[in-house]
Every structure is written in C-alpha cells, then in structure tokens.
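K.L.:
This is the structure, below, for whatever I ask next.
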Amino acid sequence: MTESVTITDNRTGESVEIPIENGGIHSNAFAKHMPGLWFYDPGFTATASAASSITDLDGANGILRYRGYPIEQLAEQSSFLEVCYLLLFGELPNHEQMDNWVHDVTYHTFIHENMRKRFMEGFHHDAHPMGMLMSAIAALSTFYPEAKEIFDPEIRYKQINRLISKGPTLAAMAYRASIGMPFVYPDNNLNYAENFLSMMWRVAEPNYEPNPVLAKALDVLLILHADHEQNCSTTTMRVVGSSHADPFSAAASATGALYGPRHGGANEQVIHMLEDIGSYDNIEPFVESVKLGEQRLMGFGHRVYKAYDPRARIVKEQADRVFEVTGKSPLLDIALKLEEIALEDDYFKSRNLYPNVDFYTGLIYQAMEFPLDMFTVLFTIGRMPGWLAHWQEMLQQEQRISRPRQLYVGPDARDYVPMASR
Ligand code: ACO
C-alpha cells in the first residue's frame, strides 16, 4: 500500500502525488502544483492547522491524552498545576521542578492595584464577569510591556506564569465587583483551587477553610478543561499569536472565542435548558422539538467526539462526590433522564451525539454556588495552560502568519454610481 494521495485536475490532466505523513497531506505540495485552486473548508472540518505534540484526541474511540498521559489517570492522580507544567513543558515535573513551579505561580497571584481600583470599578454594575475577565486579560499587556519580547524564553516564561497565576485573581475580582463585595486578596497558604474559592467566597473569616471535596472537584474540572487541541479558542490563540502579538492580547482573543454559547458558554446553556424543561413530563416534548431542529440539546454533540466524551464520564463521578457535600441538584434527575432518553433515540444515535464535558459541569458549578455567568470564567481559568502551551509550541515551530484564502462569490467588477444616480 502506498502511503500517499494523488490529486488530478481533470481540466488539465495535471496530477500531484502527496505523501501521507502523520495522518495528513501537506498543502505545500498541492499549492505548488495547482496554484489558485483552494480547498473550501469553512469551519475547518477537514483541515489540520497545526502539527502538535501536546494533546492526543481520538474522537472515534473517546480517547483524550495530554502529552501521552490518559486524562483518566491525570484526573485521578495529578493536580491542575502539575498538569499545567506537563502541558507547557512536555514532561511531568520532578520534585524540585514542581516546587519551583508551584512557588512561581503562588507568588504571582497579585495584580496591580490600578487594575482593581480604576479598571474593574469602571465596569457597569451588572457587567458579565466573562466580559470583564476578557478585558482585564487584555489590559495586563499594558502593565507588562516587555511581554512583546515573545522570543525571549525567560520573558515568555514570566508571562505564562502571570497568566496562569493571575487568572483566578482576575476572575474572582470580576465576580466580587459584579455583586458589590470587597475584593479578597490571594492567600499564599492555600493551593490553586483553594485560593480561588477563598477569593470567591471569603467574607470575614480570619482563616478561610475551603471544603476539601469541593476544592478537589474544582481542581479535577480544571484538569479536564486544560487542553483540547485545536478547538475554537485555542485556534484563536494560535491565529492571533501567529501575528506575534503579545500573549495577553492573544489570550484575551481566545477568551472571546470561549465566551460563545457553542463553545465555552454551553455549560451555562445546559442549566437554562434544564430549568426550561423543569419536570420529567416535559422531557419527551423537549426531545421531540430538538429532533424537529427547533432547538439543540445543549451539552450534547461535539465536532470531534463521535463517542462518549471521556471527560463527561469523569465529571459525572465528581458530581456524585460534590452532591454528597452540597445536597443533590433538583436538575440532576432531569439531566440523567434526558441523557438516558437521548442515548436510546435514533436521532442522536445516528448522528453520534453523546454528552460532552459541559452536560454535567454546570450542575457541579451550580451546586458549588457559582452563579451561571461564572461558568465560562471557570472554563477560561482551566483552558489557559492549553492556550499557552499551543502558543509556545507555535512560536517554537516558527509558524508563518495564519492567513487563509477565500472563494470570492461577490459581484464582478462594476463602476461606482454617484449618489444622485442611485
Ligand atoms: N442537539 C441536536 N442536534 C445536534 C446537536 C445537538 N446538541 N449537535 C449536533 N446536532 C445535529 C445537527 O443538527 C446535525 O444534524 P443534521 O445532520 O441532520 O443536519 C448533526 O447533528 C451534525 O451537527 P453539526 O452542527 O454539523 O456539528 P458540529 O460539529 O458543527 O457542531 C457542536 C458541534 C457545535 C458542539 C454541536 O454539537 C452543538 O451545537 N452542541 C450543543 C452545544 C454544546 O454542547 N457545545 C459544547 C461543545 S464542547 C466544548 O466546547 C467544551
């Protein structure tokens, strides 16, 4: 069997044979032989935009691995900060590396007072925290102008560290501002997830002690969200990064991509959907309306997974542990029944639609008392290391600027008509 593909232009008879490498064919060979002919691929359904060694995703078989390590093992045995290190630097850290990394993240959680006093307070009282977070990440670039030195490894490390360590601080700050509560400063005695919970919920306790089950569940959810190869927001990070913008600007753009209901906003939509369904009796009619194409079953379906999303399985386990502490969400029974009905229905079966990571995460966040508009913010904190790992990998590969082509389908050349003659 020859490991290649041959493409023939039937207008000219010209053929080009392109070797298959790593499961793909390089567009260079095609572009060289057939200039001016483009692949039309809106939504990039058949385009590999990067060669990456960060995350291995086999959607047909429901497999997800970071740097080769199965997501199940990482969720069970690792921690979010260790996973950040793994994604960013390629290997699990030894003791010393881990200590240094945790120290660096823990001691960079503070942000400039101007950010809090002048920037955050400038938002309207009901501003969505995701909009505030996105703006705050972009604003960080003005505090660290050296960030544009993207090819200096030491400066790059500092910005990576800042984005991971300050993300929870900014997120909690956005939340507290939105409810008119004073900002809680980071506590260096707490771990990453605990410190975030403290900045979110602490009121007047001298020593805030987060519930260990809830802190662990949050840590696991952050691990599950840490990377997912070339998804919409990561692609945005790479596209913006390919122009050599600083990482704060690129991460703010990626945050914007994540904001949308088809991507990071889906977990919020799942809760709205479950609340709208409201009771067992309404599940069947809801499913019927989905089948008629009137609405989508949020938290179901995925561009890449055509099997059960392995992250959804782990989230479901975490949900059980969290509900033991918080009490069961009344929406859980509706979600379980909805899943059961959908998994047996031909509409969903024939389209390979299974629960994705978002189907149950919203229920956990809600049980932990995060308001709905913080869900995507939590996703942003989790996805940050993935964005940064891809950004760094892209710079090290010296990728050309992202600049796709289009198929022009507008009018042919025509002469300008003066206003008086229109
Ligand atoms: N409910 C009902 N039908 C669906 C759903 C859904 N959630 N998802 C896909 N379909 C159907 C489509 O109508 C289409 O049917 P057709 O062939 O009869 O036209 C078919 O399945 C294929 O769907 P596409 O839209 O082509 O799939 P695509 O890969 O473009 O979309 C997406 C993937 C956006 C995730 C989609 O499944 C969706 O909208 N799901 C709901 C939102 C959601 O949960 N998003 C979170 C994704 S995970 C993440 O970002 C972390």
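K.L.:
Under 10 Å, Cα contacts only: if you run a Gaussian network model on the chain, which one of ASN94, ASN188, ASN28 comes out with the highest mean-square fluctuation?
P.N.:
ASN28
K.L.:
Still on this structure, please answer the following. Find the all-direction average of the projected area of the Cα convex hull for region 348-399, expressing the result in square nanometres with one decimal place.
P.N.:
On the way: hull surface 23.1 nm².
Averaged projected area of region 348-399's Cα convex hull equals 5.8 nm².
K.L.:
To the nearest 20 Debye, how big is the dipole of the chain about its Cα centre, given +1 on the beta carbon of each Lys and Arg and -1 on that of each Asp and Glu?
P.N.:
With Lys and Arg at +1 and Asp and Glu at -1, about 1180 debye.
K.L.:
Are there any helices in the chain, counted as whole DSSP H runs, that stretch 15 Å or more along their axis by Cα and score at least -0.5 on average by Kyte-Doolittle, and if so which?
P.N.:
129-143, 153-178, 212-225, 247-259, 266-277, 330-344, 375-396
K.L.:
Could you give the radius of gyration (one decimal) and Dmax (whole number) of the Cα atoms in region 4-58, in Å?
P.N.:
13.1, 41
K.L.:
Let me ask another. Starting from the Cα gyration tensor of region 233-356, multiply each eigenvalue by 5, take the square root, and state the resulting semi-axes largest first in whole Å.
P.N.:
Ellipsoid half-lengths, sorted descending, are 31, 18, 14 Å.
K.L.:
Moving on to the next point. Once the mean 1/r over all distinct Cα pairs of region 58-117 is inverted, what Kirkwood radius in angstroms do you read off?
P.N.:
On the way: mean 1/r = 0.0741 Å⁻¹.
The Cα-based Kirkwood calculation yields 13.5 Å.
K.L.:
Ok, one more. How large is the direction-averaged shadow of the alpha-carbon convex hull of region 260-311, in nm²? Walk me through the numbers before you get to the answer.
P.N.:
Numbers: hull surface 17.1 nm².
Taking the Cα atoms of region 260-311, their convex hull projects to 4.3 nm² on average.
K.L.:
Additional query: With label points built 7 Å along Cα→Cβ from the Cα atoms of GLU3 and SER421, find their separation and express it in nm.
P.N.:
So the label points at GLU3 and SER421 sit 6.2 nm apart.
K.L.:
With 5 Å bins from zero, work out the P(r) of region 63-208 over every alpha carbon pair and list the percent per bin.
P.N.:
In order of increasing distance, the bins hold 2, 9, 17, 18, 18, 16, 12, 6, 2, 0 percent.
K.L.:
Still on this structure, please answer the following. Would you mind calculating the relative contact order of the chain from Cα pairs under 8 angstrom and at least 6 residues apart, reporting the percent as a whole number?
P.N.:
Averaging sequence separation for qualifying contacts and normalising by length gives 20 percent for the chain.
K.L.:
Find how many whole Å separate the alpha carbon centroid of region 361-403 from the alpha carbon centroid of region 223-287.
P.N.:
9
K.L.:
In whole angstrom, how long is each semi-axis of the equivalent ellipsoid of the chain, when you take the square root of 5 times every eigenvalue of its Cα gyration tensor and sort them from largest down? Each step should come with its number before you reach the end.
P.N.:
On the way: eigenvalues 267, 168, 117 Å².
The three semi-axes for the chain are 37, 29, 24 Å.
K.L.:
Take the chain, connect every pair of alpha-carbon atoms lying under 10 Å apart with a spring to form a Gaussian network, then pick out the residue of SER233, SER15, SER78 with the largest mean-square fluctuation.
P.N.:
Answer for the Gaussian network model of the chain: SER15.
K.L.:
Show me 370-376, 340-346, 328-334, 239-245 ranked by packing, highest mean number of other Cβ atoms within 10 Å first.
P.N.:
Top of the packing list down: 370-376, 239-245, 328-334, 340-346.
K.L.:
With the other protein chains left in place, how much accessible area per residue, in square angstrom, belongs to region 377-422 at a 1.4 angstrom probe?
P.N.:
Roughly 70 Å² per residue, with all protein chains present.
The values are calculated or read from the model by the stated rules, or taken from the named source; none is laboratory data. Everything numeric in this text was worked out from a predicted model, so none of it was measured. Virtual Cβ from ideal backbone geometry, glycine too; neighbours counted across all protein chains shown. Quick note on the areas: whole protein, heavy atoms, side chains included, nothing else; ligands and nucleic acids left out. Shrake-Rupley method; radii C 1.70, N 1.55, O 1.52, S 1.80 Å.
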